[in-house]
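The values are calculated or read from the model by the stated rules, or taken from the named source; none is laboratory data. Source: prediction; values computed, not measured. Cβ atoms come from the backbone with ideal geometry, glycine included; neighbour counts cover every protein chain shown. Calculation scope for accessible area: heavy atoms of the full protein, side chains included, ligands and nucleic acids excluded. Shrake-Rupley method; radii C 1.70, N 1.55, O 1.52, S 1.80 Å.
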Amino acid sequence: MKKILIVDDEPNILISLEFLLSKGGYQVFVARDGTEALELIKKEAPDMVILDVMMPNVDGYDVCQYIRSQEVYQHMKVIFLSAKSKQEDIEKGLQMGANLYLTKPFSTRNLIKEIKLLAEQ
Amino acid sequence: MSALLIIVIFIAYLVLLFGVAYWVDRKAARPGMKKWAKWIYALSIPVYCTAWTFYGSVGKATVDGWSFLTTYLGPLITLPLWWIVIRKMIRICKVQRIATLSDFISTRYNSITLSVLTTLFVVVGIVPYISIQLKAITESFEFLTDQGAASLTSQLNPPLWLDSAFYLSVILAIFIIVFVLRTVDTTSQHQGLLAAISMDSILKLVAFLAVGIFVCYSLFSGPVEIFDRVDPKLLQSFTDTSQINGLDWFFLLLLSMSANLLLHRQFQVLVAENGKEKHLKSAIWVFALYLLLINLFVVPVALGGTVLLPDHIDPDAYVLALPLLNGNAFLAILTYLGGFSAATGMIIVSAISLSLMLSNNIFLPLTVKANRVALLSSKLAMRSRQLAVLIILLLSYYYYRYVADLFPLVSIGLISFAAIAQFLPAVFGALFWKDANKTGVTLGLIIGFSIWFFTLVLPTIVKVGLLPESLLTEGLLGVSWLRPEHLMGLEMDPVTNGTFWSLLLNVSVFTIGSLATKQTAKERNMAELYTGIYSYTDSSDEKILWKGELVYNDLLKVIENLLGPEQAAVAMSHYKSNFGVPLNQDGQVDARFVNYTQRLLSGVVGATSARILISSMAHEEEIEIREVVKLLKETSEINRLNTELRMSTLALERKTEELMNANDRLRGLDKEKDDFISTVTHEMRTPLTAIKAFVEIIQDHSDLSAVERDDFLSTINDEIDRMNRLIDQVLDMEKMEVGSLSMEQEFVNPVEILRGCLDGMQGVFEAKKIILSTDWSANIKNTFVMGDADRLKQVYLNLLSNAVKYSKEEGAIIEVSASQAQNHLEVSVIDNGRGIKEENLGQVFDKFFQARDQTLKKPKGTGLGLSITKKIIELHGGSINVFSEWGNGAVFNLRIPLAQEEELKKT
C-alpha cells in the first residue's frame, strides 16, 4: 500500500483529501506546515507528497527543494497544489522538480486519476 | 609602620574595588543580580559620607560641639521629601535620557549657555572638595608611617616627584580610565561601579563602628567613663544648648540639605543610576539608618581622644591615632582603609560624573562648533572623557598642594557645599515652577557664584598670602560694608555670611529675572514637561516646533557614526516598526524622527551636544510670527519685493517637487494594488477549493453516512459564508484605501456603543463560560467622539470576537476597560487566552494575517478584521496597539481623540 503525505495549512483541504485518499486505499499522513512535513518525510518516507505552496515559514518550495536534494528520495513523487495559477508559477514549480502542478480549485476526480497514474510509474 | 606595607594594602584594595566592579558588570545581565540591584543602589548613596565624615566630624566635634551633626541632620530632614523631589527627577531623567546635572538644567531651560556655566561652576565648586579627599588620604598615610610623631600639617611642600599625593592622583586617574570609562553609552547603568561603591560604604561603616567600639569598651570601660574624665569645659560645649547659634545652624542645615540633593555625585548615584523608581523607597530608610549609625560614636571618639591623646595631635586624626597609639595596628589599618575608601569613593564618582559633564558640554560641542563633525565618533567621546578625568584629578592635586593643605577639612567642604547650593533655584524652579526661565536662572547663577567667590573663596586666597590682608579687614576699596567675610557689616560666621548673601541675591535675581522675561516656546514646552512629568509618563513626543529642513541621509550617517552600524540598524528598524517610515508627505524628515534621533544621540554624547548637532544640521529657525512681521516692516520696499519674489520662486520649486512626489506615490500605489489583488484572489480560491472538493465527494460517494454528509454540507455552507464575508471586507478595504469609505461624522458616545456590544455578546460569553470583567473610569460614560457609530461597533465586535475566538477552554476571562488620558479615550480589551507570538506581533494588523491554529479547528476568519479595525480607528484620528506574550493572553489598546466641550456646545 502506497504512503501519501498531504501538506496544506488549510484544514478543510486536508480533511477532504484525507477522506478521498483513504477511501482510495492509500495510507495517508497529514502535515499542516512545512516543518511538520519535513519531519514526517524523514520519519515515514512516503511514496508521494501532495504539497501546498503558500505556507508560513517553511513553504512548499522549500520542502520540494529538500526532497529533490536527497538521493534517498529520488523516487518520491511530488505534486504541487496551489492557488498560484500564473504560467510562471507553474513553470517554477515544475523546474523545482515536481512531477505535477495542479491549480486550485482543482477537481478531486482529476486529482485521484493523476495520483493513480503517477503511483503506477 | 612601613610605608611599603600601606602602599601595598591600598593598591590591593583598589584592585579589589575595581575587580568587584568588573565582575559585577559581567554578571549584571544575569537575573540573579536583579534582586541585589535594590541594595546596591541604596548602599551607594552613602558616598555622601566622605573622608570629611570619617576624619572631619570628629575634628569638628572637639571644637564646635554638636554642630558637626548639621551635615547629617540636613539630609535626614530631607529624606521624606525624596519621594517627591528625587522621584520626579528620576522620572524626568529617564524620559529625556538625561545623565548629568548639567543636562538636567540645560534641557529644562533650553539653554546651552547654562550647560556650560553649570559645568564650569560645578568644577570650581567640587575641585576643592576632591582636593580635601586627597589631603585626607595623604595625611593619614603620613600619620600611619610616622606614628604621629611629626605634626600633621607639613608647611613645606615636597617637590612634585616626591609628593605621594601626586602619585595618588595619577594612580586614581589611571584606575578610573582603565576600569570604568571603557564603554561609550553614557546612560547605561554602571552596576559594577555602584557595587564597588556599596562595598566602600559598608567598609566605612564597619571601620568607624569598630573604632567606636574599641574606644568605648576597650580603651575605656564604657562611654560613661569618657564623660567622667573629659575636660568639663569641653563637655559644656555639648551640654550647654545656649551655645547653639540658631542662625548658623539654620544655614548649615540648609547647606547640607541642598548638598545632599544637588551634589553632582549624589545626582549620579541617586538619579542617574536609579534602576527602578521603587528602589528609592528602600534607599530612603537604608540611608537614614546609615546616617544614624555612622554618627553614633563621633562624640565618644572625639572626647576620648582629648582625654587620651597628646595635645599636638590634630583632632581630625583622632580616629586613626586612637587605635594606632594604643597598640592596635590591625584596627589602625582597617580605619585607614575605611578613610581611604571614603575618600576614593567620592573621588571616583565625582570624577566620572564631572568628566561626563566636561566632555559633553565643553569638549564635544567645541568639536562640533569647529565644524569637525566628521571627527565626532564614539571613540572621540570616550577619549575626551578620559582626558577630562585626568584634568580634574590634576587640578584637584594642585589645589590641594597650594591651598587645601592649610585649612581644616570641614571649612573647605562647607565652601563647596555653598557653591552647590547656588543651584537650588535652578533645580527647584525646574521641578516646580513653570515660569522659571533661563534668563532668571543664568543671572541668578552668575550673581550667586560671584558673591560666593567674593565672600568665601577670596578670604582663602588672602589667607594663603596671594592678596593683601587689608581686603579682609578693611573691605573692598576700603569700604567696610564690603568686607568679604562680613558683608553689610553684619557680624555673622563667615560661612553663614557667604551662604546668606549669595543665596539671597541668587534667588531674588532668579525670581525677578524669570518674572520679567518671557520664555521661548520651546522652553515653555520643557517647563510643561518637567513640572507635569507624571501626566506625560510614557515618553510621548513633545509638541514639536521644528521648522527646519533636515536631510534624512545625513541623519542616518551621524547615527551610524556614533552608535556603530549594528546598533544603528536596530534603532532604525525599531523606529520603523513602531512609527513607520520617517519621511512625511513633503519628503522632509518627520519631527518625531528628529526627536527620536536626538534622544538616541544624547545617549552617547549627552543631551546638549546632541541638540547642537541637530540644530547645526537643520539650520533651524524658531519662527515667531511677531519677529517676522517686525523684520519685514523695518526693511525697505525693494527688499520686501525681493523677499516676495524669492519666496514665490521657492514655492514654485516646492510645488514641482510635490508633483514629482505625488507621481511616485501613485506608481507605488499601483504596485500596492497589484499585490492586493493577487493576495485577495489567492485568499478567495481557498474556500472555493474546499467547496468544490466536498461537492465532488458528496456526488461521488453515495455510501456516505448521514453524519459525514451533514458535516461536509455544513462545511460547504461555512466556506460560502466565509467567502461572502471576505468579499464584504475586501470592498470595505477598497473604499478605505481610496478614502471613500462611508463614515458618518457625528457625535457618538463610544462607551455606550461598547456596552451595547457587550450586552449583545452576553449569550456568547455565557455559552463559552467566559467571565467578563469591565472597568469604567469616572465620567467616561459621558464622553463623546466625532465619528461613525456603526463603524465603531464593527471595531468593538471585531476585538471582542477575536478575544472570544482565542480564549482559553477553561477559566477564560475577558477584561474590557475604558478611561480617559490627555483628551483621548482609551479602551482596552484584554484576554487570557493563548496570546500572540513575538514574531507575529508586528503583523497582526496586516491584511490577511492569520495565526495558524495548532489544532485542526476550521478557521472562522478572513484575516482582514484587524486591518479594517485599525483603518477605522485611524480614520477616527486614533491609534491601536497590541501587547502580548505567547501563552499569556493579549491586550488590545485603542485611543481615539475625544470631542472637546466647545465643539459639543456648538451643536
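Of note:
- Enumeration of residues in region B:734-782 that are within 25 Å of B:Leu825 (Cα to Cα), at pLDDT below 85, of a type in the set (A, V, I, L, M, F, W, C) and part of a helix (DSSP H, G or I): B:Met736, B:Ile780
- Whichever residue in region A:8-27 is among the charged types (D, E, K, R) and under 15 Å from A:Val53 (Cα atoms) and, among such residues, is farthest from the other protein chains (Cβ to nearest Cβ): A:Asp8
- Only a single item in (1) open to solvent by less than 10 Å² (accessible area, probe 1.4 Å); (2) among the polar types (S, T, N, Q); (3) modelled with pLDDT of 85 or more is not met by B:Thr113, and it is number (1).
Here is a yes/no grid of residues against (1) more than 10 Å from chain A (Cβ to nearest Cβ); (2) surrounded by 12 or more Cβ atoms within 10 Å (Cβ to Cβ); (3) in contact with a strand residue (DSSP E or B) (Cβ under 6 Å, 6 or more places away or on another chain):
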site	(1), (2), (3)
B:Asp675	yes, no, no
B:Glu683	no, yes, no
B:Leu688	no, yes, no
B:His701	no, yes, no
B:Glu708	no, yes, no
B:Asp718	no, yes, no
B:Gln729	yes, yes, no
B:Lys735	yes, yes, no
B:Met743	yes, yes, no
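- In region A:34-81, the residues that are farther than 20 Å from A:Leu102 by Cβ and within 13 Å of chain B (Cβ to nearest Cβ): A:Thr35, A:Glu36, A:Pro56, A:Asn57, A:Val58
- Scan region B:291-300 for residues that are open to solvent by 10 Å² or more (accessible area, probe 1.4 Å) and within 31 Å of the chain's Cα centre (by Cα) and the total you get is 2.
- If only residues of region B:435-475 that are of a type in the set (D, E, K, R) and not in a helix (DSSP H, G or I) are counted, the one that is surrounded by the most Cβ atoms within 10 Å (Cβ to Cβ) is B:Asp435.
- The lone criterion from (1) part of a helix (DSSP H, G or I); (2) among the aliphatic types (A, V, I, L, M); (3) surrounded by 20 or more Cβ atoms within 10 Å (Cβ to Cβ) left unmet by B:Ile313 is number (1).
- Criterion applied to B:Val271, B:Val307 was being open to solvent by 10 Å² or more (accessible area, probe 1.4 Å), touching a residue at least 24 places away in the same chain (Cβ under 8 Å) and not aromatic (Phe, Trp, Tyr), and the one residue passing it is B:Val307.
- Looking across region B:337-370, just one residue is at pLDDT below 85 and either over 24 Å from B:Leu117 (Cβ atoms) or of a type in the set (Phe, Trp, Tyr) (or both), and that is B:Phe363.
- Condition met for B:Ala767 (among the small types (Gly, Ala, Ser), more than 14 Å from every other protein chain (Cβ to nearest Cβ) and open to solvent by 80 Å² or more (accessible area, probe 1.4 Å)): yes
- Single match in B:Ser359, B:Ser353, B:Ser341 (criterion: over 27 Å from B:Ile11 (Cβ atoms), in contact with a helix residue (DSSP H, G or I) (Cβ under 6 Å, 6 or more places away or on another chain) and among the hydroxyl-bearing types (Ser, Thr, Tyr)): B:Ser359
- Criterion: open to solvent by 80 Å² or more (accessible area, probe 1.4 Å), touching a Leu at 6+ places or on another chain (Cβ under 8 Å) and more than 24 Å from B:Pro75 (Cα to Cα) - qualifying residue of B:Phe214, B:Phe227: B:Phe227
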